[in-house]
Each structure stands twice: as C-alpha cells, then as structure tokens.
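Input: a single structure, listed below in structure tokens.
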Amino acid sequence: MTRDSSETNRLLRLAAGGDGASLGALLQRHEDRLRRMVAFRMDPRLQGRVDPSDVIQEVCLAAAKGLPDYLTRPAVPFFLWLRGIAGNKLLELHRHHLGTPMRDARREVSLYRASMPEATSAALAAQLMGRFSRPSEAAVRAEVKIRLQEALNQMDPVDREVLALRHFEHLSNAEAAEVLGIKEAAAGKRYLRALERLRDILAGMPGGLEL
C-alpha cells in the first residue's frame with residue numbers, strides 16, 4: 001500500500017478491484033488541492049484561454065488510465081502522483097500555447113522528481129499582491145509588484161519552491177520533502193528560512209503586504 005491515509009488506501013484497494021465509484025471518490029477527495037496547484041502554476045498569460053477545470057478533467061482521465069501501473073509500483077503518495085500528472089499537463093499547455101521550451105534537465109533534477117512548471121517570482125508576487133491592502137492605484141501596484149519580483153528573484157530557487165509548496169499549495173512538510181527529494185528536516189529548515197526571508201522582503205514594501 002501507499003504512504004497515504006487509511007481512507008485513501010481503502011479507496012485505492014477498491015479501485016484496484018475495478019470499483020469505478022471508488023476511483024471517482026479518490027479523485028474528488030484531492031480535487032481542491034489539484035485545483036489550487038494548477039491555478040498557482042499556470043502561466044498567467046493563459047488566463048481566459050485555458051480553464052483550470054479542463055486541466056483537472058484531463059488529469060482525472062490520465063489518472064484513470066494510469067492507475068493500474070501506479071498501483072503496481074506506487075513510488076510516491078497518491079496525491080503527489082496526481083500532482084505530477086497535472087504538472088506534465090501544464091507543461092504541455094505552456095509549450096502548446098506559449099512555445100515554452102523544455103526545462104533544462106539539470107535544473108529539473110535539482111528541484112523535482114517529476115516535470116513541473118517552477119514557482120516563478122512572478123507567480124509568487126501575484127499571490128502576494130492579492131493581499132495588497134492599499135487602494136488599487138495602478139501605478140502603486142505596478143511599482144510594488146516590480147520591487148517584489150526583484151526581491152523574490154534574489155531568493156535561492158529551492159527556498160522559493162519550498163515557499164510555494166508549503167505556503168501556497170499547502171503541501172505538508174513530508175510532501176514537500178518528497179517533491180524536492182530532500183529529507184524532511186532539511187525541508188522544514190528551508191521553509192522556516194524562506195519564511196523569514198519573505199517577511200523581511202514584505203516589511204520593506206509599501207501598502208501593507210503580509211503573509
């Protein structure tokens with residue numbers, strides 16, 4: 001069995017026996033987390049062109065097709081397997097609509113065990129700007145966003161990724177460690193360090209940005 005909750009493992013056993021309802025329950029159980037990840041990782045230039053719900057639907061279809069192979073050798077927890085499928089779908093969409101080149105293989109190995117659009121400074125800044133408390137003067141927002149992105153660009157890429165996984169995707173420390181291929185203790189330390197750095201960055205920004 002996988003390193004999942006007892007309920008997820010129960011549903012996986014039923015799905016392995018051909019119970020379609022259990023597979024549906026499994027996918028529904030993780031849909032909100034997948035939707036959060038897709039919304040965060042999708043390039044903002046695709047807003048209005050690609051519906052996140054369509055991406056989730058494609059992930060569910062691919063998961064139903066690939067479940068027998070996964071159950072034969074479940075190398076990662078079920079949700080992280082689904083998340084990996086979603087990451088591949090997003091990369092396909094980015095390449096199709098934006099002509100985004102393949103990621104550098106060396107960087108991909110250093111940050112991920114599976115293909116995934118990285119947590120860019122722009123994506124992190126967009127999430128944080130959603131909490132901007134000042135009136136939305138366009139000039140002020142533009143200045144703050146540029147300064148925020150520049151500051152986030154100075155962060156270590158792995159620390160930036162840990163922030164994305166823990167703070168915006170809401171992964172557990174164990175899940176984040178699994179994604180990055182590092183020990184849980186190291187993931188926890190990186191997260192605390194990244195949070196401290198982010199708070200320092202936000203303290204220097206006008207407009208009441210906060211975590």
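Assuming Glu150 fulfils every condition listed in (1) modelled with pLDDT of 85 or more; (2) in a helix (DSSP H, G or I); (3) open to solvent by less than 70 Å² (accessible area, probe 1.4 Å) apart from one, which condition is it?
Exception for Glu150: condition (3).
Gly87: at pLDDT below 95 and open to solvent by 10 Å² or more (accessible area, probe 1.4 Å), yes or no?
Details: at pLDDT below 95: yes; open to solvent by 10 Å² or more (accessible area, probe 1.4 Å): no.
Criteria not met by Gly87.
Suppose we filter Arg29, Arg13, Arg3 for residues that are farther than 24 Å from Ala119 by Cα, not aromatic (Phe, Trp, Tyr) and not in a helix (DSSP H, G or I); which single one remains? Break it down stepwise before answering.
On the way: Arg29 fails: not in a helix (DSSP H, G or I); Arg13 fails: not in a helix (DSSP H, G or I).
Just one listed residue meets the conditions, Arg3.
Only one of (1) closer than 30 Å to Gln127 by Cα; (2) open to solvent by less than 20 Å² (accessible area, probe 1.4 Å); (3) out of contact with any Ser or Thr (no Cβ under 9 Å at 6 or more places or on another chain) is not met by Asp4, so which one is it?
Answer for Asp4: the failing condition is (2).
Residue-by-condition table, conditions (1) open to solvent by 60 Å² or more (accessible area, probe 1.4 Å); (2) modelled with pLDDT of 85 or more; (3) on the phi > 0 side of the Ramachandran plot:
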residue	(1), (2), (3)
Ala164	no, yes, no
His170	yes, yes, yes
Ala176	no, yes, no
Leu180	no, yes, no
Glu196	yes, yes, no
Leu202	no, no, no
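Which one of these is modelled with pLDDT under 85 and exposed (fewer than 13 other Cβ atoms within 10 Å of the Cβ): Met116, Met102? Steps first, answer last, please.
Working: Met116 fails: exposed (fewer than 13 other Cβ atoms within 10 Å of the Cβ).
Answer to the check: Met102.
Would you please name the residue that is nearest to Leu80 (Cα to Cα), looking only at residues in region 42-67 that are in contact with a Leu (Cβ under 7 Å, 6 or more places away or on another chain) and either part of a loop (DSSP other than H, G, I, E, B) or acidic (Asp, Glu) (or both)?
Met42
Check Tyr70 against each of (1) in a helix (DSSP H, G or I); (2) touching a residue at least 40 places away in the same chain (Cβ under 8 Å); (3) of a type outside the set (S, T, N, Q) and name the one condition it does not meet.
Tyr70 satisfies all of (1) in a helix (DSSP H, G or I); (2) touching a residue at least 40 places away in the same chain (Cβ under 8 Å); (3) of a type outside the set (S, T, N, Q) except (2).
The values are calculated or read from the model by the stated rules, or taken from the named source; none is laboratory data. These numbers come from a predicted model, not from an experiment. So basically every Cβ, Gly included, is an ideal-geometry build from the backbone, and we count neighbours across all protein chains shown. Remember, those area values only see protein heavy atoms, side chains included, never the ligands or the DNA or RNA. Shrake-Rupley method; radii C 1.70, N 1.55, O 1.52, S 1.80 Å.
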